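*Asks:* This structure is in structure tokens; I'll ask about it shortly.
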Amino acid sequence: MKNAVNWFEIPVHNYERAKKFYSEVLEAEIIDHHMEDKNMKYGIFPYDMENHKVGGAIVQMEGVNPSMDGSTVYLNGGDDLAVPLSRVEAAGGKVLMGKTDIQENGFIAQFTDTEGNRVALHSMG
């Protein structure tokens with residue numbers, strides 16, 4: 001096994017609002033990949049599919065609910081997570097933990113998104 005994680009999904013109540021939030025914070029395009037037969041709205045974060053890198057999505061569907069509890073997804077904060085973190089509140093989220101040094105493992109920060117999920121960022125700078 002190369003990676004403990006292969007894919008993640010962040011549950012949302014309002015797909016368009018969440019898509020706008022993550023697009024603004026990460027300055028990245030979320031690609032729609034809705035599954036009409038399952039009445040599911042699905043948006044994929046950019047990732048390196050050709051090299052089998054970890055990827056993920058936002059998902060709106062019955063029975064899937066945002067939460068502050070449970071697992072924490074750490075999104076790529078780029079070269080310096082302070083940059084996307086600085087866009088969280090303007091995009092409608094709330095910073096829970098500012099940029100925090102975790103020694104040789106880089107930096108982390110946590111925030112809530114517009115849907116009520118606790119999400120985090122990681123960067124080496």
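Any read-out appearing in this document is the output of simple, stated calculations on the displayed coordinates, not a laboratory observation. Just so you know, these numbers come straight off a predicted model, no measurement behind them. Virtual Cβ from ideal backbone geometry, glycine too; neighbours counted across all protein chains shown.
*Asks:* In nm, what is the difference between 0.36 nm times the number of residues separating HIS13 and ASN105 and their Cα-Cα distance?
*Replies:* Answer, rounded to one decimal: 29.8 nm.
*Asks:* What order, most packed first, do the peptides 59-65, 17-23, 6-12 have when packing is the mean number of other Cβ atoms within 10 Å of each residue?
*Replies:* My ranking of the peptides, most packed first, is 17-23, 6-12, 59-65.
*Asks:* Add -39500 (n - 2.57) for each DSSP H run of 4 or more in the chain, then divide by its residues: what number comes out at 222 nm, to the nearest 500 deg cm²/dmol?
*Replies:* Per the formula, -3500 deg cm²/dmol.
*Asks:* Also, quick follow-up: Holding the Cα-Cα limit at 27 Å, pick out from LYS19/LYS99; LYS53/LYS94; LYS53/LYS99; LYS2/LYS38; LYS20/LYS53 the pairs that are longer than that.
*Replies:* Long pairs (Cα-Cα over 27 Å): LYS53/LYS94; LYS2/LYS38.
*Asks:* Still on this structure, I have one more. Shape verdict for segment 1-49, please, from the Cα gyration tensor: rounded (a/c under 1.5), prolate (a/b greater than b/c) or oblate.
*Replies:* Oblate, since a/c reaches 1.5 and b/c is not below a/b.
*Asks:* If you average 1/r over every pair of different alpha-carbon atoms in the chain and take one over that average, what Kirkwood value in Å do you get?
*Replies:* 14.9
*Asks:* Moving to a separate point now. What angle do you read, to the nearest 10 degrees and between 0 and 90, between the alpha-carbon axis of helix 15-26 and the longest principal axis of the chain?
*Replies:* Between helix and principal axis, roughly 20 degrees.
*Asks:* Report the net charge of residues surrounding GLU24, where surrounding means a beta-carbon distance below 15 angstrom and charges are Lys +1, Arg +1, Asp -1, Glu -1.
*Replies:* So the surrounding residues net to -1.
*Asks:* OK, next. Where Lys and Arg each count +1 and Asp and Glu each count -1, what net charge lies around VAL88 among other residues with Cβ under 10 Å from its Cβ?
*Replies:* Net charge in that neighbourhood comes out at -1.
*Asks:* Which whole-number percent of Cα pairs in segment 35-102 have a distance greater than 21 Å?
*Replies:* Of all Cα-Cα distances in segment 35-102, 44 percent exceed 21 Å.
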